[in-house]
Amino acid sequence: PEGVLYGRLPGFHLSALGRRMAERVAEYLGGRDVTHVVASPLERAQETAAPIAAAHGLGTDTDRRLIEAENVFQGRAFGVGDGALRRPGNWRYLRNPFRPSWGEPYVDQAVRMRGALDAARDAARGHEAVCVSHQLPIWILRSQVERRRLWHDPRNRQCTLASLTSFTFIGDDIVAVTYSEPALDLVPPHLRAGARAKPPQGAGAGYGA
């Protein structure tokens, strides 16, 4: 709400539109051989996972390794066009975008996300698993798997709301990564992959993290 960065704060739930997106993903995955559904402990991730699990007669497991990246700006308005980058008090957190200095190191995100992915693979061995996480950790995991640098321009992440980043295994080895957007028509244009986020315009407006 009003541009606040949720981060790992509790109490932020899916909106009505978010619930529609989650239902769309559940429909999209309805015919898949899903035997395991696991999610970040944050409410919005659990609520996204619920209809997917229900469509396959499953419960939702929780893996803390799927949680959102830690960020010192969580709970604060921080985004494109709001002046946050011009505030001297923020500069000490912005000194190193390659680590990054404002939050959880990219390498740490890659390690924990790969651990969660491998655990889900083992839980659904021979079938399919669905892991519900958050944009930045998902993108970092994909970047690590595809051997790209981990530091990046966040506006260029190919990981929009309710998208699916899929990892195909043969044995324990990842052999393919694919991407799909089953709820794209429901995603506001400024929140789609590669879009330039808009600053909030009055009460109730928001933009992507």
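The values are calculated or read from the model by the stated rules, or taken from the named source; none is laboratory data. All of these numbers come straight from a predicted model, not from anything done at the bench. Cβ coordinates were reconstructed from backbone atoms using ideal geometry, including for glycine residues, and neighbour counts include every protein chain displayed. To get the accessible areas, we keep the full protein, side chains included, count just its heavy atoms, and leave off ligands, DNA and RNA. Shrake-Rupley method; radii C 1.70, N 1.55, O 1.52, S 1.80 Å.
Data for the structure
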quantity: Residues that are part of a loop (DSSP other than H, G, I, E, B) and either under 12 Å from residue 63 (Cα atoms) or of a type in the set (Lys, Arg) (or both), drawn from the stretch 100-130; calculated: 125
quantity: Residue count, the stretch 7-45 (criterion: over 19 Å from residue 181 (Cα atoms) and surrounded by 17 or more Cβ atoms within 10 Å (Cβ to Cβ)); calculated: 6
quantity: Selection count where residues are among the aromatic types (Phe, Trp, Tyr) and buried (at least 21 other Cβ atoms within 10 Å of the Cβ), scope the stretch 134-165; calculated: 1
quantity: Selection within the stretch 7-59 - in a loop (DSSP other than H, G, I, E, B), of a type in the set (Ser, Thr, Tyr) and touching a residue at least 40 places away in the same chain (Cβ under 8 Å); calculated: 40
quantity: Residue count for the stretch 52-78, restricted to those that are more than 16 Å from the chain's Cα centre (by Cα) and acidic (Asp, Glu); calculated: 1
quantity: Of all residues in the stretch 51-80 being at pLDDT 95 or above, of a type outside the set (Asp, Glu) and open to solvent by 50 Å² or more (accessible area, probe 1.4 Å), the one that is nearest to residue 9 (Cα to Cα); calculated: 64
quantity: Cβ pairs under 6 Å, 6+ apart, first in the stretch 111-125 and of a type in the set (Gly, Ala, Ser), second in a helix (DSSP H, G or I) and surrounded by 18 or more Cβ atoms within 10 Å (Cβ to Cβ); calculated: 115/65; 116/65; 116/66
quantity: Condition met for residue 178 (open to solvent by 70 Å² or more (accessible area, probe 1.4 Å) and among the hydroxyl-bearing types (Ser, Thr, Tyr)); calculated: yes
quantity: Lone unmet requirement of (1) surrounded by 15 or more Cβ atoms within 10 Å (Cβ to Cβ); (2) modelled with pLDDT under 95 for residue 131; calculated: (2)
quantity: Any hit, the stretch 166-176, residues being without any contact (Cβ under 8 Å) to a residue 40 or more places away in the chain and within 14 Å of the chain's Cα centre (by Cα); calculated: yes
